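As structure tokens, the structure follows; a few thoughts come after it.
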Amino acid sequence: MPIEKNISAEDLPQGEQLVEVEEGPLPDINIEFDDEGGVTIGLNKEDDEDVPFDSNLAEVMDPSVLQQLSSDLITMYEADKSSRKEWEEQYGKGLNMLGFTFEERTKPFKGACPVQHPLLTESVVQFQAQALKEMMPAGGPVRTQVLGKETREKLMQAERVRDFMNYQITTVMEEYTPDFDQLLFYVGYGGSAFRKVYYCEE
């Protein structure tokens with residue numbers, strides 16, 4: 001049934017409320033029909049540009065929008081950096097106490113070790129060594145599992161994938177093991193670490 005324009009909140013059923021809609025000109029709506037009976041609806045067709053999927057959007061966006069985006073990003077970056085300032089200072093002090101920073105010492109004698117907490121240092125290094133041995137065994141870190149019904153073809157494919165990935169990680173990717181070893185130190189010291197591995201064609 002039609003709704004009167006002068007309806008008030010008291011006239012509405014319990015639990016419902018009025019929603020105010022800003023008045024103004026409606027945007028231009030473009031409707032295109034395809035051969036299969038489908039419909040494509042778009043707004044402001046005259047302002048729509050043919051932008052390729054992988055293009056740089058910054059080149060086609062309005063400068064005022066880019067300015068607002070950059071301002072918001074800088075603000076969020078500064079807030080994030082400020083919130084972790086205390087953690088960064090504690091992290092640096094801890095590394096100094098472990099003696100893993102280069103420092104010329106003359107007290108109590110020249111060349112003395114700067115380690116202040118040898119037990120903590122030993123624990124971190126032992127964790128690093130044990131974790132590397134467990135996660136990077138001699139046969140390689142990659143294991144495969146067949147999901148669903150096992151067949152001879154699936155098992156052979158899984159074996160090929162496992163062998164190839166282990167070859168890539170242990171032989172082709174020369175930086176993988178030393179980087180992973182370094183990451184495990186920071187896991188033992190700081191409690192967490194994150195790593196992103198991707199394939200670079202260059």
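Checking the conditions here, which among 64, 83, 55, 71 is modelled with pLDDT of 70 or more, within 30 Å of residue 189 (Cβ to Cβ) and either polar (S, T, N, Q) or in contact with a Gly (Cβ under 7 Å, 6 or more places away or on another chain) (or both)? Answer to the check: 83. Being of a type in the set (Phe, Trp, Tyr), at pLDDT below 90 and assigned to a helix (DSSP H, G or I) holds for only one residue in 186, 199, and it is 186.
For the stretch 160-183, a residue qualifies if it is under 23 Å from the mean Cα position of the chain (by Cα) and in a loop (DSSP other than H, G, I, E, B), and the qualifying residues are 173, 175. With respect to residue 128, is the statement that it is in contact with a helix residue (DSSP H, G or I) (Cβ under 8 Å, 6 or more places away or on another chain) and exposed (fewer than 11 other Cβ atoms within 10 Å of the Cβ) true? When the stated conditions are applied, residue 128 does not pass them.
In the stretch 158-168, is there at least one residue being among the β-branched types (Val, Ile, Thr) and loosely packed, with under 14 Cβ neighbours inside 10 Å? Give the derivation first.
Step one: of the stretch 158-168, the residues among the β-branched types (Val, Ile, Thr) are 161.
Subsequent filtering for residues that are loosely packed, with under 14 Cβ neighbours inside 10 Å retains 161.
Yes; the residues of the stretch 158-168 include at least one that is among the β-branched types (Val, Ile, Thr) and loosely packed, with under 14 Cβ neighbours inside 10 Å.
Please specify each residue of the stretch 132-149 satisfying the condition of being over 30 Å from residue 177 (Cα atoms) and touching a helix residue (DSSP H, G or I) at 6+ places or on another chain (Cβ under 9 Å). Outline the logic, then answer.
The initial filter retains those residues of the stretch 132-149 that are over 30 Å from residue 177 (Cα atoms), namely 148-149.
Once the filter is applied, which keeps residues that are over 30 Å from residue 177 (Cα atoms) and touching a helix residue (DSSP H, G or I) at 6+ places or on another chain (Cβ under 9 Å), the stretch 132-149 yields only 148.
Any residue that is farther than 28 Å from residue 97 by Cβ, of a type outside the set (S, T, N, Q) and either in contact with a strand residue (DSSP E or B) (Cβ under 8 Å, 6 or more places away or on another chain) or loosely packed, with under 14 Cβ neighbours inside 10 Å (or both) - is there at least one of those in the stretch 184-193? No: zero hits. Of the residues making up the stretch 133-149, not a single one is among the acidic types (Asp, Glu) and not in a helix (DSSP H, G or I). For first residues located in the stretch 143-170 and modelled with pLDDT under 95, partners that are surrounded by 14 or more Cβ atoms within 10 Å (Cβ to Cβ) and not β-branched (Val, Ile, Thr) and lie 6+ apart or on another chain with Cβ distances below 6 Å form the pairs 144/158; 144/162; 146/154; 146/158; 166/140; 169/176; 170/140.
The values are calculated or read from the model by the stated rules, or taken from the named source; none is laboratory data. Model, not experiment: these values are computed from the prediction. Neighbour counts run over all protein chains shown; Cβ positions are idealised from the backbone, glycine included.
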